[in-house]
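Structure first, then comments.
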């Protein structure tokens with residue numbers, strides 16, 4: 001402003017206020033960006049944990065095994081079984097199952113045999129060890145004749161042979177078989193021994 005040939009300077013603080021507001025705005029944006037990054041990272045970790053926990057829960061709760069048949073091999077005295085053969089398969093869409101991790105139990109009203117396991121080094125079944133026989137295994141994931149290949153997957157069909165041992169299993173006797181895999185719920189099968197062992201060498205107990 002000029003007056004009487006003199007120049008006067010006007011002090012203006014509006015620019016300083018504008019710069020301060022801009023600094024505060026930038027700081028707020030940076031804080032929001034950092035907070036958003038933390039939230040995104042945390043949500044990603046939580047999602048992964050939830051998926052992992054969900055998969056493990058389904059694996060533990062659901063059973064991947066299906067028992068299709070149980071057949072008893074009748075002894076010479078026609079009053080007991082020399083072996084009980086359980087045909088199993090992996091359910092459609094289920095993961096592969098390691099048979100070597102199975103733990104079986106056989107029970108009647110008089111007694112119970114626990115802890116029947118798989119022993120790759122033995123070629124015969126006993127009261128303590130079960131034996132596995134291949135019925136269908138196109139991909140050769142299971143080799144029950146002396147190697148460590150003990151996995152069955154979708155499409156495979158095998159049967160497990162267990163020995164009653166000290167269990168006498170007379171006629172009309174309720175019997176309970178439990179198959180406990182490494183993952184998933186136990187498979188429990190119950191049946192009743194026949195009213196007579198008859199003259200057959202093999203008797204279908206289930207279905």
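The values are calculated or read from the model by the stated rules, or taken from the named source; none is laboratory data. Just so it is clear, the model here is predicted, and its values are computed rather than measured. Ideal geometry is used to build each Cβ from the backbone, glycine not excepted, and the neighbour counts take in all protein chains shown.
Given the criteria modelled with pLDDT of 85 or more, surrounded by fewer than 10 Cβ atoms within 10 Å (Cβ to Cβ) and outside any helix (DSSP H, G or I), does residue 105 qualify? Considered against the rule, which asks whether it is modelled with pLDDT of 85 or more, surrounded by fewer than 10 Cβ atoms within 10 Å (Cβ to Cβ) and outside any helix (DSSP H, G or I), residue 105 comes out as no. Within the option set 100, 126, 141, 121, being surrounded by fewer than 13 Cβ atoms within 10 Å (Cβ to Cβ), over 26 Å from residue 207 (Cβ atoms) and assigned by TED's automatic domain parsing to the domain that holds residue 69 holds for one residue only, 121. Of the listed requirements (1) crowded, with 16+ Cβ neighbours inside 10 Å; (2) under 20 Å from the mean Cα position of the chain (by Cα), residue 131 misses just one: (2).
Every listed requirement among (1) touching a residue at least 60 places away in the same chain (Cβ under 8 Å); (2) surrounded by 14 or more Cβ atoms within 10 Å (Cβ to Cβ) is met by residue 93 save one, (2).
Count, please, the residues in region 172-198 that happen to be touching a strand residue (DSSP E or B) at 6+ places or on another chain (Cβ under 9 Å) and closer than 19 Å to residue 80 by Cα. Going through region 172-198 one residue at a time, the tally reaches 14. Which numbered condition trips up residue 177, out of (1) assigned to a loop (DSSP other than H, G, I, E, B); (2) crowded, with 16+ Cβ neighbours inside 10 Å; (3) at pLDDT 90 or above? With (1) assigned to a loop (DSSP other than H, G, I, E, B); (2) crowded, with 16+ Cβ neighbours inside 10 Å; (3) at pLDDT 90 or above applied to residue 177, the lone miss is (1).
Take the conditions farther than 30 Å from residue 170 by Cα, surrounded by 10 or more Cβ atoms within 10 Å (Cβ to Cβ) and at pLDDT below 70 and apply them to residue 43. Does it pass?
no
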